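Just below is one structure, and these are the notes that go with it.
The values are calculated or read from the model by the stated rules, or taken from the named source; none is laboratory data. Since the structure is predicted, the reported quantities are computational estimates derived from the model, not experimental observations. No Cβ is skipped: glycine too gets one built from the backbone with ideal geometry, and neighbour counts run over all protein chains shown. Surface areas here come from the heavy atoms of the whole protein model, side chains and all, with no ligands, DNA or RNA. Shrake-Rupley method; radii C 1.70, N 1.55, O 1.52, S 1.80 Å.
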Amino acid sequence: MNPTHKSANDSSPTGLARLPAPPAGRSGWPWTVETLAPTGTADWPRITLVTPSYQQAVYLEETLRSVLLQNYPALEYLVLDGGSTDGSAAIIERYAPHLAYRQSRKDGGQADAINQGFARATGEIVGWLNSDDFLLPGALFAVAEAFRRTQAEIVYGDAFEYFEDDHSLQYWQGYWVRPEFLQFGGVLPSHATFWRRAIHVPLWSELNCNVDGELWQRLVPGHRLHYLPLPLAVCRIHGESKSAAARWREKWREDDQRIWARHGRPTRNRFFRHWFDRSQRVFKWFTRRRNLPAKHAILAACAWPPPKWRASRL
């Protein structure tokens, strides 16, 4: 039961026909390509997706379209902008008819904006997508189907990293996730992780950068996870991203100190770290070729030029 994809050359009235026209010169996903729902399906679970944003106008429209062109029939999409002055408010207003809620006013930062969004959520399944990242075709249908056919409370998948400096892609393969591994950070991608609202806990709003890494240490233990070996989203690495920009380094260090005070420092036990490294290699070796045709199909459905690969080519 796989979603299909179509381009702007197909004239049937779906999401592409309803959304504002893409900027001149933009094509492929999510500009002139969209996902179509699988046929013969029952009711889909309601998904609430929250996008926090601040001064990200250059990326924001791509993010919005990547969610709306999923054409997921039970979507609740909330966009919370922190009072940007770069044109973000105008972009959000253009897409307002397709949003369940939007705001553009000063907030307490990324975690506070996400918490405000989740406080309004009514979906059975929730997640968030930063305004410089974007979903891949069919992501929401794949996630919903995983929740429907398993007893999972958390579903996570693979992703791509897109490097703006040389326009290259790298495939990010999912980890084997155990609660004791969460101390290291980076084992769950926020842009490709969804969970049932019934188990949700608020984000720690005092943190600036590692809001997801800390959240997983409280959210994951005691709950059932399901790994979906498909790429669900793209994380953009650019000069101003928190994971790359030098000006955020001190904020990362401050977050580390707060997190260590609450959860303890990551272990320095070399035998544990060796077990972590070896177990991940084994897990990734056994899962890397799963769903390989579907992975290639998702990349082909994006209708991008042939990608330049930095590493981890499919």
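Quick notes on this structure:
- Once C-alpha pairs closer than 8 Å and six or more residues apart are averaged by separation and normalised to the residue number of region 161-245, the relative contact order reads 38 percent.
- Based on every Cα atom in the chain, Rg and the maximum pairwise Cα distance Dmax equal 18.9, 60 Å.
- Evaluated at q = 0.17, 0.24 Å⁻¹, the base-10 log of the normalised Debye intensity for region 223-283, with identical point scatterers placed on the Cα atoms, takes the values -1.08, -0.99.
- Taking a ≥ b ≥ c as the square roots of the eigenvalues of the Cα gyration tensor, region 19-82 is classed as oblate, since a/c reaches at least 1.5 and a/b does not exceed b/c.
- Accessible area of region 36-147 belonging to carbon and sulfur atoms, whole % at 1.4 Å probe: 48 percent
- Note on ALA198 and ARG262: with the Förster distance fixed at 25 Å, the Cβ-Cβ geometry gives a FRET efficiency of about 0.60.
- Eligible aspartates and glutamates near LYS284 by straight Cα distance, threshold 13 Å, same-chain separation 8 or greater: ASP158
- Measuring nothing but protein heavy atoms, the accessible surface of region 199-314 at 1.4 Å probe radius is 53 percent carbon and sulfur.
- Residues of the chain: accessible area per residue with a 1.4 Å probe, Å²: 47 Å²
- Each residue, ARG224 and ASP43, gets one label point 7 Å from its Cα in the Cβ direction; the gap between the two is 2.1 nm.
- Taking a point 7 Å from the Cα of ARG26 along the Cα-to-Cβ direction, the residues of region 80-101 with backbone N closer than 17 Å to it are 86-99.
- Look at the Cα gyration tensor of region 160-252: its axes a ≥ b ≥ c give a/c of at least 1.5 with a/b at or below b/c, and that counts as oblate.
- Per-residue SASA entry for ILE298, accessible area with 1.4 Å probe, Å² rounded to 10: 20 Å²
- Maximal additional length on extending the SER279-HIS167 stretch stands at 37.2 nm, based on 0.36 nm per residue less the C-alpha distance.
- Ordered from largest to smallest accessible area (heavy atoms of protein chains, 1.4 Å probe), the residues PHE141, PHE283 come out as PHE283, PHE141.
- Extension gain for the segment ARG270 to ARG94, taken as residue separation times 0.36 nm less the Cα-Cα distance, is 58.0 nm to one decimal.
- Proximal aspartates and glutamates relative to LYS106, as straight alpha-carbon distance under 12 Å, when same-chain residues fewer than 8 apart are discounted: ASP81
- Among GLY157, GLY108, GLY117, the largest mean-square fluctuation in a Gaussian network model of the chain, built with springs joining Cα atoms closer than 10 Å, belongs to GLY108.
- Prolate/oblate/rounded label for region 82-236 (Cα gyration tensor, a/c 1.5): rounded
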